[in-house]
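Below is one structure, written out as structure tokens; the observations come after it.
The values are calculated or read from the model by the stated rules, or taken from the named source; none is laboratory data. If you're wondering where the values come from, they're calculated on a predicted model, not measured in any experiment. With ideal geometry, Cβ positions are generated from the backbone for all residues, glycine too; neighbour counts draw on all protein chains shown.
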Amino acid sequence: MATAIDSIGNRAGAAAGAILRRLDPAVIGTILAAFFALPIIALIVLAMSGDSEYLDHIASTRLTEFSTKSAQLAIMSGALAATIGVGCAWLVTRYEFAGRRALSWLLILPLAMPGYVAAYSWYAITAPGSKFEAASGWDLPTVSGISGAAFIFALTLYPYVYLLSRNAMEAHGRLSWDIARSLGAGSWRAFRQITLPMIWPAAAAGTALVIMEVLADYGVADFLGVSTLTVGIVRAWSSFSDPAAAAQLAVLLLFGALLALGAERTARGRRQFASTGASDTQLSPRSQLTGWRSALVASLAMLPIALGLLIPAGNLAWLAINTRPSGSVLPALQGTLLLAIGSAVLAVLLGLTAAYVLRSGNRLARASVRLLQAGYAVPGAVAAIAILSALAIGQSVLNALSGAQAAILTGGSIVALLLAYQSRFAAVAILPSEAALVKVRPELDEAARSLGASPMRVVTKIHLPLVLTGLATAGLLVAIEVMKELPATMILRPFSLDTLAVTAHNYASDERLAQAALPALILIAICVPATALLNLVRPNA
Amino acid sequence: MTATEAQISLKDVACEIAGKRILDGIDLDLPRGAITVVLGPSGAGKSTLLRAIAGFEPVSEGMITSPTGILSSPKVTLPPEKRRIGVVVQSNALFPHMTAAENVRFGMDRSDGPGSAQEWLAKVELADRANAYPHELSGGEQQRIALARALARQPDVVLLDEAFSSLDQQLRKSMRRDAKLLLKEADAAVLVVTHDPDEALELADTIVVLSEGRIVQRGAPEDLYWRPQSIVAARLLGEVNALTGTWQDGVLRTAIGDVELPEIAENEPQTALFRPSALSLVPLPNGPWTVIETEFSGGNQFVTVKGKKGETLRVSGHTNVTMRVGDTVDVAFDPKRVGWA
């Protein structure tokens, strides 16, 4: 019996192997890309087919406002985040001060803070007549409107700029700066002409990521009362039940996001900024600061962490402790974990497939995977509407074929939601998977086999340990993103499915901030350690 | 302007980084038109010495001066951009977002002399690569641009930190020769930090040996090569045989004979140091040394001989006196070429 099962297993394995061998990477790549491109095409079709009544209506009233608000907010947040990110990167790479090593990675953590959570918390602190203002007697400017939103985005998204600029400066910043000084440049000229241009591509790429996130955001803008395109999309969908109008706005937003992506890619131009030699950290150590200078720089670097993470999280904790919860958050926690884990597994599988396709070196295959990676630029609301468009078009095709209402495809299902997540976040899993696969060089197989290892042992002792960290990284990255995601979840979730993000958002929208505190806090309690873990696993990523 | 005028003087200089003393009691004059090479094992403080002279590192004791005044003291550190220095480092640190010509032009004052960036590029034979970006240049070309960039501002002091180490052997040799001509022409005080003995011997007017933050020996290359005064200094410049002996009647008795050491050798040193080429072998039936290994390397033969007590010596000599394993010999030495430790 056992041997019979074994032989069936073997035959199945051999068959799968044969299929895999015959599958052209270019074909897999194209299928993958097409699978994710189809909803976008459906979105455009739907946007063109729908009558433009709503669009005409908002065009005469609010379309300009939506677009300009989105653009304004993106520019303000981008500029502020770039200033904080580059500034902090400069401090931790240029100077040696008390607590520098810890601060250098703590500065990444505010990225784990969902923007809308920071927004609820800061609003609760600064709203007119808040307990804090009553207790302290201070009159802080209220965090709301477009400048409030820019403040929140800058404090929760600056780590993108910080991380990329820090790595760029670490690689060759100090030495170049020293050399520029030795060539007669004062510190300002050295910073302006050498340091800034050298880190510009990294800082620009980070800022473009910030702008993409700002454009995609729904939670912060909706809560603080900024009418951006994404807010318009979700409203068109949920309040006006007008998919065509939502699709039309989504196309507009997609165009904006792709513009940001394109701007980042072209910023580099002809000039390559790769260092031309080994980095000489020995020759150019950090300038040692002592006494009050050290304390001053340490507190400066601490400021974004305090404003972006510690103060809002602390306030939420205080709110949560002092509030009787109005219902159990357990279902929401379960929903969040279910979606996060499911998405992480799916994304790792997709990421691995894409990485394998990339490894084949086939040109068409590579092009399709790179297209897939651009999926990250697609805002969640757009992805959701695109999936719905595809389902709607599929439904009408089915109806036409069967001549009846074949109601098998529905929106508001977990499958639709998982698909929407993948179209955005599978892109996130590709890079770490690719990096993991690169480590499995063919010579290693040969070396292991020549040392007498069986193929099974090669897989378990060589391949798995090599790729495991990379795959875990990819999974964790995707899980964090999914847990924080709001707009796509709002649009696509089945009504029975609650998540922490949605629960917190619903309470906050009703101005029941104290009730929003607990789910928001749990979200932080999961995302912050996960982000910390990520940065321990790959300190330079 | 005489060749001995000190452009930079270090007096009793000490440097501390994060409470750790990296340099201690450094006295050093860098004369104009001369090349001073600093040799030392890694961690000896070579780069810190260079950084202190450049003004990147403050001194905690002593003083660095130039004819125009104080450059560094525990109280003041003149910033690097005010010191008229030129620095070339191993990784060349060309600004990646600037062309070759823009890199060279970066440090030039317009009022400064006749030399244009283009002329400097021509001097390093790269006139045709003016518009190339660093990543479009080969390693050797990058290093030439870095040298041109440092020299183009007509510095008073040129500092080279392992400047040619990243180049391959062949390229390093030709680069060294070209660089030496340009450096001499620049009439600046030149300080070279290296761990390559060939580079030190070929470039230096004076070699300074640094060990654990202190200068342990200084002198002309020949002096240091033949008469090192410590094992550290001896090893830094190449292979060496160390023979311990006993002190008797004012001479050091060793296995190959009595060594007379000059008076400056303090405290009756116990070890005599011989370069392989300072020794010679004399065929002698039943001699005290037996050939145990021979290596042929082109013009030279390296011969390892073993003594009665098991001690070994490495001797190099011309291949016209061929030795074979098992031959017995006597070992002679050149009395002017003995170091001690």
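Worth a mention:
- Exactly one residue out of A:E133, A:E96 is among the charged types (D, E, K, R), out of contact with any helix residue (DSSP H, G or I) (no Cβ under 7 Å at 6 or more places or on another chain) and touching a residue at least 12 places away in the same chain (Cβ under 8 Å), and it is A:E96.
- Scanning region B:87-112 for residues that are facing chain A (nearest Cβ under 7 Å), under 28 Å from B:D24 (Cβ atoms) and outside any loop (DSSP other than H, G, I, E, B) turns up B:V87, B:V89.
To keep it simple, each residue is scored yes or no on (1) farther than 28 Å from B:A200 by Cα; (2) away from chain A (no Cβ under 12 Å); (3) not acidic (D, E).
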{"residue": "B:T48", "(1), (2), (3)": "no, no, yes"}
{"residue": "B:P74", "(1), (2), (3)": "yes, yes, yes"}
{"residue": "B:I85", "(1), (2), (3)": "no, no, yes"}
{"residue": "B:A122", "(1), (2), (3)": "no, yes, yes"}
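Residue-by-condition table, conditions (1) in contact with a Ser or Thr (Cβ under 9 Å, 6 or more places away or on another chain); (2) under 17 Å from B:P31 (Cα atoms); (3) in a loop (DSSP other than H, G, I, E, B):
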position: B:A163; (1), (2), (3): yes, no, yes
position: B:D178; (1), (2), (3): no, no, no
position: B:I207; (1), (2), (3): yes, yes, no
position: B:A234; (1), (2), (3): no, no, no
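- Among the candidates A:I233, A:I194, A:I211, residue that is β-branched (V, I, T), under 30 Å from B:G107 (Cα atoms) and buried (at least 22 other Cβ atoms within 10 Å of the Cβ): A:I194
- Filter pass, B:S42 being facing another protein chain (nearest Cβ under 8 Å), farther than 28 Å from B:A117 by Cα and under 22 Å from the mean Cα position of the chain (by Cα): no
- Which numbered condition A:T353 fails, given (1) buried (at least 16 other Cβ atoms within 10 Å of the Cβ); (2) of a type in the set (S, T, Y); (3) in contact with a helix residue (DSSP H, G or I) (Cβ under 6 Å, 6 or more places away or on another chain): (3)
- Highlighted here are the helices (runs of 4 or more DSSP H) found entirely within region A:109-203 that include at least 1 residues which are more than 22 Å from A:M483 (Cα to Cα) and within 14 Å of another protein chain (Cβ to nearest Cβ): A:145-182, A:187-190.
- Residue in region B:252-264 that is within 29 Å of B:H195 (Cα to Cα), within 24 Å of the chain's Cα centre (by Cα) and part of a loop (DSSP other than H, G, I, E, B) present: yes
- Only one of the numbered conditions (1) within 14 Å of chain B (Cβ to nearest Cβ); (2) under 23 Å from A:L391 (Cα atoms); (3) charged (D, E, K, R) is not met by A:D242, and that is (1).
- Candidates are the residues of region B:280-330 that are of a type in the set (D, E) and touching a residue at least 12 places away in the same chain (Cβ under 8 Å); the one that is surrounded by the fewest Cβ atoms within 10 Å (Cβ to Cβ) is B:E293.
- Per-region count, region B:234-278, residues free of Cβ contacts under 8 Å to residues at least 40 places away in the same chain and within 23 Å of B:V208 (Cβ to Cβ): 6
- Annotation note: Cβ proximity below 7 Å between a residue of region A:516-532 that is in contact (Cβ under 8 Å) with a residue 24 or more places away in the chain and a residue that is part of a helix (DSSP H, G or I) and among the aromatic types (F, W, Y) (sequence gap 6+ or interchain) occurs for A:A516/A:Y120; A:A516/A:Y507; A:A520/A:Y120.
- Within region A:321-339, the set of residues being farther than 13 Å from A:A501 by Cα and β-branched (V, I, T) comprises A:I321, A:T323.
- Candidates in region A:488-499 are the residues that are closer than 20 Å to A:L518 by Cα and in a helix (DSSP H, G or I); of these, the one that is nearest to the chain's Cα centre (by Cα) is A:T489.
- Within region B:124-144, the set of residues being more than 9 Å from chain A (Cβ to nearest Cβ) and of a type in the set (A, V, I, L, M, F, W, C) comprises B:V124, B:L126, B:A127, B:A130, B:A132.
- Selection status of B:E199, modelled with pLDDT of 90 or more and surrounded by 15 or more Cβ atoms within 10 Å (Cβ to Cβ): yes
- Tally of residues being at pLDDT 90 or above and surrounded by fewer than 20 Cβ atoms within 10 Å (Cβ to Cβ) across region B:239-262: 2
- Candidates B:L183, B:L147 - the one that is touching a residue at least 12 places away in the same chain (Cβ under 8 Å), part of a helix (DSSP H, G or I), away from every other protein chain (no Cβ under 14 Å) and over 25 Å from B:R21 (Cβ atoms): B:L183
- Some residue of region B:90-98 being over 20 Å from A:T195 (Cβ atoms) and either surrounded by fewer than 19 Cβ atoms within 10 Å (Cβ to Cβ) or at pLDDT 90 or above (or both): no
- Only a single criterion out of (1) surrounded by 19 or more Cβ atoms within 10 Å (Cβ to Cβ); (2) more than 12 Å from chain A (Cβ to nearest Cβ); (3) under 29 Å from the mean Cα position of the chain (by Cα) is not satisfied by B:A117, namely (3).
- Strands (runs of 3 or more DSSP E) contained in region B:1-54 and holding at least 2 residues over 19 Å from B:R218 (Cβ atoms): B:6-17, B:20-31
- B:R32 within 15 Å of B:P155 (Cα to Cα), of a type in the set (D, E, K, R) and under 19 Å from the mean Cα position of the chain (by Cα): yes
- Residue count for region A:503-513, restricted to those that are crowded, with 19+ Cβ neighbours inside 10 Å and either farther than 16 Å from A:P325 by Cβ or at pLDDT 85 or above (or both): 5
- Region B:209-223: number of residues that are over 22 Å from B:A179 (Cα atoms) and assigned to a helix (DSSP H, G or I): 1
- Per-region count, region A:99-121, residues on the phi > 0 side of the Ramachandran plot and free of Cβ contacts under 8 Å to residues at least 60 places away in the same chain: 0
- Among the conditions (1) touching a residue at least 12 places away in the same chain (Cβ under 8 Å); (2) of a type outside the set (A, V, I, L, M); (3) surrounded by fewer than 17 Cβ atoms within 10 Å (Cβ to Cβ); (4) more than 30 Å from B:A14 (Cβ to Cβ), B:P67 misses just one, which is (4).
- Here is the figure for region B:7-44: residues that are under 16 Å from B:R214 (Cα atoms) and either buried (at least 24 other Cβ atoms within 10 Å of the Cβ) or among the hydrophobic types (A, V, I, L, M, F, W, C) (or both) total 14.
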